[in-house]
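Presented below is the structure to which this report refers.
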Amino acid sequence: MRGRRLFSGIQHASIGGLLVIWLICLPVAVFVVQLIEDVPVLSARVVAAAFDLHGEQGTITVTESREVREGGGRGSSHTATHCFGVFTPDNGGPPLPDTRVHIGDCDEGNVADVRLIRKDLSSWVMPNEKDTAYAFGHGWGTALVLFLFMGLFLLIAGGPFVLCAILFPVMMIAALINRARNRGRGADATATDAASGADD
């Protein structure tokens, strides 16, 4: 019953009203989709890399541990100690110096098998700005929390806008088809009435 009412509402919907709503939904949907790629999807890749399931294979040679300032503004920024090294790809590509690595033993000269997530600056929302390597079983905790929390949040808050951006063009096409059919039926009815009048 509800489905019939919804379909009837779509058929008689205003094309202009649907277009306005779609133009509001579209930019929000584009932002949400990009944010999904930047946070939950990247976090899932990090978790997979930490368990040797994803990322570029290679070895890391630890060179140092140093303090790095993280965060945005002055009030939210803080310093944290991270491990860095030289990543050597298994495929014979050029080594990557100063690669941040999540590893248990950060002693200088330590060598370990890792998976690398390369930086990606293509995003206009939250680009991945650094190459990061993951030894087995390290660096997945925060990524898992981000994947679960941001994934659920974006599904609830952003899902309706994405559905709107996808479904409203279909609704507009359905409304246009319905109008064309109604016009055709009206023309047929007018022709029938005219023919009946001529016979009388």
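For the reader, a short list of remarks on this structure follows.
- Percent of alpha-carbon pairs separated by more than 21 Å within region 81-182: 58
- Gain on full extension, evaluated as 0.36 nm per residue between D113 and I15 minus their Cα-Cα distance, stands at 29.5 nm.
- Solvent exposure, largest accessible area first (probe 1.4 Å, DNA, RNA and ligands not counted), of D105, D113: D113, D105
- Rg ratio (alpha-carbon, reference 2.2 N^0.38 Å) - region 18-89: 1.70
- Accessible surface of region 88-188, 1.4 Å probe, proportion on carbon and sulfur as whole %: 64
- Excluding ligands, DNA and RNA, the accessible surface per residue across region 44-182 is 60 Å² with a 1.4 Å probe.
- Efficiency of FRET from Cβ geometry, I166 and S122, R₀ 25 Å, rounded to 0.05: 0.65
The values are calculated or read from the model by the stated rules, or taken from the named source; none is laboratory data. For clarity, every value in this text was computed on a predicted model and none was experimentally measured. Every residue, glycine among them, receives a Cβ derived from its backbone with ideal geometry; neighbour counts consider all protein chains shown. Remember, those area values only see protein heavy atoms, side chains included, never the ligands or the DNA or RNA. Shrake-Rupley method; radii C 1.70, N 1.55, O 1.52, S 1.80 Å.
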